[in-house]
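The values are calculated or read from the model by the stated rules, or taken from the named source; none is laboratory data. Here the structure is a predicted model, which means the values were calculated and not measured. Using ideal geometry, Cβ is built from the backbone for each residue, glycine included, and neighbour counts are taken over all protein chains shown. Remember, those area values only see protein heavy atoms, side chains included, never the ligands or the DNA or RNA. Shrake-Rupley method; radii C 1.70, N 1.55, O 1.52, S 1.80 Å.
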Amino acid sequence: MSKKILIIFIAIIIISSGIYLYMRYHVLKAPDIATEPSKKETILDLRPQLIAKLQQLVKEGSVGLYKLTVDQVTPDVLASTAEIKNVSIDVDSAMLKNLDEAGKLPDDIFKMKFSAIHISGLGIADFIDKKNLSINKISIDKPVIEVFHQSRAYNKNKRAAKENLTLYQKLSGHFTSLEIEKILLSNGKFTHHNRDKKEVVSKLENVNIQLDKILVDSSTQYDASRYLFAKFSKLEAENYHVITPDNMYSFSVGKIAVSGERRHLKANNIVFEPNGGRAAFIKKLKDRKMVFDIHIPTFEMDGIDWWALLNRDQWAGDKGYIKDATFGVYADRRLPAPVLKQNNFPHQLVMRLPMLIDIKNLFIERSKVVYEEYNPQVDKTVTVTINRLNGTIDNITNVKSTIAQNPWTKVNAKALFMNKVPLSIGVNLNLAKVSTGDFTADILVDTLNNELINPISELSSLFSVKRGQIQSGKAHMSGDNSIAKGNIILYYNDLHVTPLKTIKKDNGKQKSKHATSLVANILFIKNSNPLKGSLRQPSFIEHRDPYTGFVKLIWTSIRAGIVKTVGIPLKIIDKNAE
């Protein structure tokens, strides 16, 4: 929605300056629209003719699609000012139908209302040269703008032709250069209706914009230091909200602030959550899907490339900051597991984003991850927490030229596992081999005891650690869409594992499998590592289950290395697991 809103802003500027130009010229005849004599105060009052001419211009310029209504125009030729009040531009429904049937309707239809537009500062030179405009100030009060977007098949070639044009090139038919000292837009409201699939409505309220020293010409069309062609700019807006096309999630932003000259953006209270709540979300699912609930109190980005954003639909920036965020994930194992596509690793998802993205560094500070999984075998929910998460993600991109220079996205993070245990994670994603999903991962964990392990293992893998302690663990692996392999080093002592079984008749109560436990601990399990001076650091190979994603592949790979180190036959655990 953002680019279309920006184009609307520029269009408002052009329309506003055009209104003033025609007021200053003597071309006020409008043969197709009658003037309103009741508003004419004297025989020398040209305001009714001016309004009629503006209506004629809008009608002719839009091939009859739009109708202009103006309540009042107050020109002051000596002061070089004009006040236009209660302006609205509406759609002629009959002409809309005719243009659509003729294959000439644009993809975007607008409805606009303005409480007031004030223009000041057109000089004498503007009488002579209409292509080079210079204006002191434009003030726009309480604009209400709606955009109705629908990609029409007969416009495909037009869209392709304009794809590589800059914003200036798309507008240059109206003028050669436009210079404005200041633009103020206050208390705006913008609504975008995307009708390409199901109608998706996004809204932005309380929009306030200040643009200073605007220069729109061929010399500024590639100027990355300018935002909306302005040397200095400030934008603030509130209450952005949109429902995803599948009606499953709600996305909102409490407040957005942009500083153009600083190339800086700040957003507060970002929320991505199930539409209608988790329970309603689960009821809509036919098979098992992860349910995401993300809250980001503060997001900031420095070094934004405005030219790339406005002209190429490319979100490019130097550094991004996410602070105090909570990333919630929930899975309900009562639902049947789906067969997942083999191209859903993180870097593969980035490559399929609908817009280009190129962020050098993303810093995550003081955040946490909460993973919850309901296990119907025991009628309980396991919760895994990773908090005090601090880390960086480098080279987040799907831009081919950037990938050619640096083919790796690198993730490095430190956190506390289950609020107590230091954890380090390093993941490298190979963008040059994104089709096969190539990656490497390194994971380090500090001391783990049975009090921390059992709440997870008893529900997810159906085994219990009766006693023992893991001093530290280190795993390295490499993998792709179908397999992960690597090695693990696990330091532990005095380990005793008890397999569990679920008694369905007893409300899912778990009981120890004493015979299996005895055999396992006597014959298979190695109670310490190192043992008798020998350190076991086995390699492992894990074939990807088609029902699992990236994180589950890493987890099952680590688990395979753990059980190989400990000496537990994997079938003892997997026999009772899903």
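The heavy atoms of GLU60 present about 110 square angstrom of accessible area, all protein chains included, probe 1.4 Å. Heavy-atom accessible area for ARG195, with the other protein chains in place and a 1.4 Å probe, reaches approximately 100 Å². Near the amide H of ARG544, within less than 5 Å, lie the amide hydrogens of ILE483, ALA484, all on another chain or at least 5 residues away, with H placed in the peptide plane. Heavy-atom accessible surface of LYS266, to the nearest 10 Å², is about 80 Å², with a 1.4 Å probe and all protein chains retained.
Just the number please: accessible area per residue for the stretch 173-294, 1.4 Å probe, all protein chains included, in Å². Averaged over the residues of the stretch 173-294, the accessible area is 51 Å².
The Rg/Rh ratio of the stretch 267-417, with both radii computed over alpha carbons and Rh defined as the Kirkwood radius, is 1.01.
Packing, taken as the mean count of other beta carbons within 10 Å per residue, orders the peptides 345-357, 106-118, 226-238, 89-101 from highest to lowest as 226-238, 106-118, 345-357, 89-101.
Comparing Cα centroids, the stretch 335-392 and the stretch 396-422 end up 13 angstrom apart. Taking the charge dipole of the stretch 373-414 about its Cα centre, with +1 at Lys and Arg Cβ atoms and -1 at Asp and Glu Cβ atoms, the residue from GLN405, THR392, GLN377 reaching farthest to the positive side is GLN405.
Between SER115 and PHE251, what length in nm is gained on full extension when 0.36 nm per residue of separation is reduced by their alpha carbon distance?
Gain in length upon complete extension: 46.0 nm.
The accessible-area ordering, largest first, of the residues TYR222, TYR240 stands as TYR222, TYR240, per a 1.4 angstrom probe. Taking the stretch 208-288 as the region of interest, the number of lysine pairs whose Cα atoms are within less than 20 Å, with members eight or more places apart or on different chains, is 6. Compute log10 of I(q)/I(0) for the stretch 261-300 with the Debye formula, placing one identical point scatterer on every Cα and leaving out solvent, at q = 0.20, 0.23 Å⁻¹, to two decimals. Taking Cα atoms of the stretch 261-300 as identical point scatterers yields -0.67, -0.77. Backbone phi angles across the stretch 413-428, fed through the Karplus curve with coefficients 6.51, -1.76 and 1.60 (θ = phi - 60°), yield HN-Hα couplings of 8, 10, 7, 10, 7, 6, 6, 9, 9, x, 9, 10, 10, x, 10, 10 Hz in residue order; Gly and Pro are listed as x.
Pairs LYS360/LYS410; LYS67/LYS182; LYS111/LYS189: which exceed 21 Å Cα-Cα?
LYS67/LYS182
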